[in-house]
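Student: I'd like to ask you about the structure that follows.
Throughout, read-outs are computed from the coordinates displayed, never taken from laboratory work. Everything numeric here is computed off the predicted structure, so don't read it as measured data. Please note: Cβ atoms are built from the backbone with ideal geometry, for glycine as well, and neighbour counts cover all protein chains shown.
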Amino acid sequence: MSSGRDTFTWSWQDDAPCKHKTELFYAPYAERAPARRIRITKAVSICDTCPFIKPCDAEATARNEQHGIWGGTPRGAEPKLPRSDDGRKKKRSA
């Protein structure tokens, strides 16, 4: 029975360094900005070492991926960090 995924296109995922690290590449519910910054930094650092960054990015773009970090880029619904009116990141008050 087919999984619905093209095995040729997706075969790179079997050897990708992000395998089994889903928690870094998808935002948990009600994630706060400091935790989000740390998570995204860790995920992107893994992407930076990945030999499959181009096919990952191509897959996400082709499928119009709206969740997670793909090819080193936060996609669609991945929360953006808050910014101030002048374009700088806001500091969260305690």
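Student: Contour minus end-to-end for Gln66 and Lys42, with contour as 0.36 nm per residue of separation and end-to-end as the Cα-Cα distance?
Tutor: Stretched fully, the Gln66-Lys42 segment lengthens by 6.7 nm.
Student: Add +1 for every Lys or Arg and -1 for every Asp or Glu among the other residues with Cβ under 13 Å from the Cβ of Cys18, and state the total.
Tutor: -2
Student: While we're on this one: Quick one: which of 28-35, 40-47 comes out on top by average Cβ neighbours within 10 Å, and what's the full order, highest first?
Tutor: The peptides rank, most packed first, as 40-47, 28-35.
Student: With each label point set 7 Å from Cα along the Cα-Cβ vector, what nm distance links Thr73 and Glu31?
Tutor: 1.8 nm
Student: Taking square-rooted eigenvalues a ≥ b ≥ c of the alpha carbon gyration tensor, is the stretch 22-68 rounded, prolate or oblate, where a/c under 1.5 means rounded and, failing that, a/b exceeding b/c means prolate?
Tutor: Here the stretch 22-68 falls in the oblate category.
Student: Grab the other residues whose beta carbon is less than 9 angstrom from that of Gly72, score K and R as +1, D and E as -1, and report the net.
Tutor: That sum, taken over residues with Cβ under 9 Å, equals -2.
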